[in-house]
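See below for the structure under consideration.
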């Protein structure tokens, strides 16, 4: 999967982003304005979808709103219907030998570091959503469906991607310890710079002269790969599709890849308003972020005959009465959360980010 190229200068440089809601008074007008076909902003925040042959239903959300109550599995298994493999036990001497051999064979080479440390970030995202399930599924009363699973987790991925886009490729390899926690560590706990092995020395030396190896720190691509591996696993579980039946699964996977690309462009637009030199852009940045949250997370709740917008609830379930009246305050909390986490990640050093030591996401409501 290719990452979406940022169209704004904000994402090429790190800066602290204030998260005060100085433009929040525009939320009501912004929500109405973005639904108007004559609004020129709509084309820049959510571009019209180009029809593709593989899209069977452009309005697809989920074939059947199966209730999802399980925690996503990461790393995603190759076959979600197969029983988990038994864990093998090794004695301490064997483990020490395997660790030494692993380091000699390139445990800390850039490509392996990229896949491993971005995987720790993905593990932290899964845990953060699980820890805040009471807010998302309880207070916000979002349906426990595949569509909601995707949008909530992808919001955390989007926040992380903003920080990863500013990573340069010349940072020294963090030489991560072995064994290493599966969860992202705390900032400041990265191993001090030490003399690398012969293999790491040659690898780092080649990065200064090879145009190909200049792109070995591909954290954006690998984080998205980790996430969409989880998405594919959940699609199979939702549809009950065996591993050998690929057509239906891949069609829906492409559908949500496109949905994710549109969300990235929308967030780029909002962050561009935040960084703009025009004060009028700064004033409406929070209201536009609120509109993005309303469309992406709440699926335009408050519109339609049933006031649920585009949300589909599992069988025998529906939105609780009066929840659309609480939505504005909940959106405000999410906007504060996005701004707060962007600021937190911005304050973490590049070396800590490369090492996967970015800490855990905080709760949405603080």
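The table for this structure:
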{"item": "One residue from 335, 353, 358, 312 being more than 30 Å from residue 217 (Cβ to Cβ) and either modelled with pLDDT of 95 or more or within 17 Å of the chain's Cα centre (by Cα) (or both)", "result": "335"}
{"item": "Qualifying residue in region 162-180 (condition: at pLDDT 85 or above, under 30 Å from residue 69 (Cβ atoms) and within 20 Å of the chain's Cα centre (by Cα))", "result": "no"}
{"item": "Residues (closer than 26 Å to residue 354 by Cα and in a helix (DSSP H, G or I)) located in region 85-110", "result": "95, 96, 98, 99, 100, 101, 102, 103, 104, 110"}
{"item": "Failed item, numbered, when residue 261 is tested on (1) modelled with pLDDT of 85 or more; (2) within 28 Å of residue 104 (Cβ to Cβ); (3) surrounded by fewer than 18 Cβ atoms within 10 Å (Cβ to Cβ)", "result": "(2)"}
{"item": "Any hit, region 183-191, residues being surrounded by 15 or more Cβ atoms within 10 Å (Cβ to Cβ), within 19 Å of residue 108 (Cα to Cα), out of contact with any helix residue (DSSP H, G or I) (no Cβ under 7 Å at 6 or more places or on another chain) and at pLDDT 90 or above", "result": "yes"}
{"item": "From the options 291, 287, 318, residue that is over 16 Å from the mean Cα position of the chain (by Cα) and without any contact (Cβ under 8 Å) to a residue 40 or more places away in the chain", "result": "318"}
{"item": "Residue within region 141-150 that is modelled with pLDDT of 90 or more, within 11 Å of the chain's Cα centre (by Cα) and in a helix (DSSP H, G or I) present", "result": "yes"}
{"item": "Criterion violated by residue 256 - all others in (1) in a loop (DSSP other than H, G, I, E, B); (2) within 30 Å of residue 82 (Cβ to Cβ) satisfied", "result": "(1)"}
{"item": "Some residue of region 298-320 being crowded, with 17+ Cβ neighbours inside 10 Å and part of a helix (DSSP H, G or I)", "result": "no"}
{"item": "Single unsatisfied condition, residue 266 versus (1) surrounded by fewer than 18 Cβ atoms within 10 Å (Cβ to Cβ); (2) at pLDDT 90 or above", "result": "(1)"}
{"item": "Meets criteria (under 27 Å from residue 144 (Cβ atoms), in contact (Cβ under 8 Å) with a residue 60 or more places away in the chain and surrounded by 14 or more Cβ atoms within 10 Å (Cβ to Cβ)) for residue 338", "result": "yes"}
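Here's the yes/no breakdown for (1) assigned to a loop (DSSP other than H, G, I, E, B); (2) farther than 21 Å from residue 236 by Cβ; (3) at pLDDT 80 or above:
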residue	(1), (2), (3)
71	yes, no, yes
83	yes, no, yes
112	no, yes, yes
119	no, no, yes
126	no, no, yes
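The values are calculated or read from the model by the stated rules, or taken from the named source; none is laboratory data. Being a predicted model, the structure only gives us computed values, none of them experimental. No Cβ is skipped: glycine too gets one built from the backbone with ideal geometry, and neighbour counts run over all protein chains shown.
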